[in-house]
Protein chains: 2
Amino acid sequence: MTRWPLPDPMKQALDQARAGADRGEVPIGAVIIRDGAVIAAAHNQPRALHDPTAHAEILAIRAAAAALGQERLEGCELWVTLEPCAMCAGAIAHARIARLYYAAPDPKGGAVDHGARVFEQPQCLHRPDVYSGMGEAESANLLRGFFMAKR
Amino acid sequence: MTRWPLPDPMKQALDQARAGADRGEVPIGAVIIRDGAVIAAAHNQPRALHDPTAHAEILAIRAAAAALGQERLEGCELWVTLEPCAMCAGAIAHARIARLYYAAPDPKGGAVDHGARVFEQPQCLHRPDVYSGMGEAESANLLRGFFMAKR
């Protein structure tokens, strides 16, 4: 069987996730793309930063907005290795991210296609296009390996 | 009629909201209390900081966690002038805030008692005790004045 190669942004998000795991953080990575170029990349680091909001998506969004010197990220894509939680989905809407690509679904904590389904609320002011599944096995393996090693 | 005086933390959150309005930010303020003392206070500032995540609650949570040098804010109270959105409600759950006091409800953007109802999702790992209504008129007046002046 020939496997379809992963798009570069998802490869980079997975690399970020691995870098997080190496530092003892839950392995989740994110990159933000604008006009085909990476403008921000981050991994989870609530522990190192003493910051409960320091999910990969939040750090990447903050870095991208700072780099562009603007509050919103219209036209940008966010690639992340796990389905975003309610906090991150809310931030994605506030940032006006155009397209969201996530690898693995997260039935326990995701809030895009599970739970709070933030983008499906009638109040949601901005809904990105959402694509999922590419890199799912790689992302799930990273998370599984991390949590098994913790036990 | 005698009006019940506002608790000090809500007065301080409203002062923060006013400080935000003076700087052209949507007037929403938040303070975090631990053992009766203010450990963080902030107002909305996505514009000034070029940061779509810079809601009052997120800034206060990040400041409090940094001040304590820890990822979680167990035992802390968050006082905020408006019902938190999905992003902020998610952050409150991640931070393990014990008690949430919000002034005005926000049917258009709130995600505690409206919309995504983040804390009511079966997946939500931590639910603060939630109290609302104190300072509602003051908060609503600040917001109304701000948006009327914008027109």
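The values are calculated or read from the model by the stated rules, or taken from the named source; none is laboratory data. Keep in mind the model is a prediction, meaning the values are calculated, not measured. Quick reminder, even Gly has a Cβ in these numbers, built from the backbone with ideal geometry, and neighbours come from all protein chains shown. For accessibility, only protein heavy atoms count, side chains too; no ligands or nucleic acids. Shrake-Rupley method; radii C 1.70, N 1.55, O 1.52, S 1.80 Å.
List of remarks:
- For chain A, carbon and sulfur atoms together expose 51% of the accessible surface, with a 1.4 angstrom probe and every protein chain in place.
- For the range B:98-145, residues shielded by at least 10 square angstrom of accessible area compared with the chain on its own, probe 1.4 Å: B:Pro107, B:Lys108, B:Gly115, B:Ala116, B:Val118, B:Gln121, B:Gln123
- The accessible-area loss of the range A:73-87 on complex formation, taken against its chain alone with a 1.4 Å probe, reaches 20 Å² or more at A:Ala86, A:Met87.
- Each Cα pair under 8 Å and six or more residues apart adds its sequence gap; the mean of these over the residue count of the range B:1-84 is a relative contact order of 29 percent.
- Other-chain or far-sequence residues with amide H under 5 Å of B:Leu82's (modelled H): B:Gly29, B:Ala103, B:Ala104
- Averaged over peptide A:60-66, the number of partner chain Cβ atoms lying within 10 Å of each residue's Cβ comes to 3.
- In the B-A interface, the accessible area buried, summed over both sides, Å² (probe 1.4 Å): 2400 Å²
- Accessible area expressed per residue, the range A:1-107, with surrounding protein chains retained (probe 1.4 Å, Å²): 38 Å²
- CD proxy at 222 nm, helix term only [per DSSP H run n ≥ 4: -39500 (n - 2.57); per residue of chain A; nearest 500]: -11500 deg cm²/dmol
- Copy-to-copy label separations for B:Ala140, where each label sits 7 Å from Cα toward Cβ, in nm and ascending: 4.9
- Couplings 3J(HN,Hα) for the range B:46-61, derived from phi with the Karplus relation 6.51 cos²θ - 1.76 cosθ + 1.60 (θ = phi - 60°), are x, 6, 4, 8, 6, 8, x, 8, 7, 6, 3, 5, 5, 5, 5, 5 Hz, where x marks Gly and Pro.
- Residues whose placed amide H lies under 5 Å from that of B:Ala40, excluding near-sequence neighbours: B:Ile32
- Shortest-first nm distances, B:Gln70 label point to equivalent points in other copies (7 Å, Cα→Cβ): 4.1
- Chain B: most fluctuating residue of B:Leu68, B:Leu59, B:Leu14 per GNM, C-alpha cutoff 10 Å: B:Leu68
- Relative contact order (%) - the range A:14-151, alpha-carbon pairs under 8 angstrom, separation at least six: 20 percent
- If you sort the three axes of the alpha carbon gyration tensor as a ≥ b ≥ c, you get a/c of 1.5 or more for the range A:1-93 and a/b no higher than b/c, which makes it oblate.
- Rounded tilt (10° steps) of B:8-22 against the dominant C-alpha axis of chain B: 60 degrees
- Label sites at A:Arg127 and A:Asp35, each approximated as a point 7 angstrom past Cα along Cα to Cβ, lie 3.0 nm apart.
- The lysines within cross-link reach of B:Lys108, meaning a Cα-to-Cα straight distance under 26 Å and a gap of 8 or more places when in the same chain, are B:Lys11, B:Lys150.
- Considering only B:Gly69, B:Gly24, B:Gly110, the Gaussian network model of chain B with Cα springs below 10 Å gives its largest mean-square fluctuation to B:Gly69.
- Restricting the range A:58-98 to GluC sites (Glu not before Pro) that sit in a DSSP loop and have at most 15 other Cβ atoms within 10 Å of their own Cβ leaves A:Glu74.
- The residue of chain B whose Cβ sits closest to the rotation axis that maps B onto A, together with that distance in whole Å, is B:Ala116, 2.
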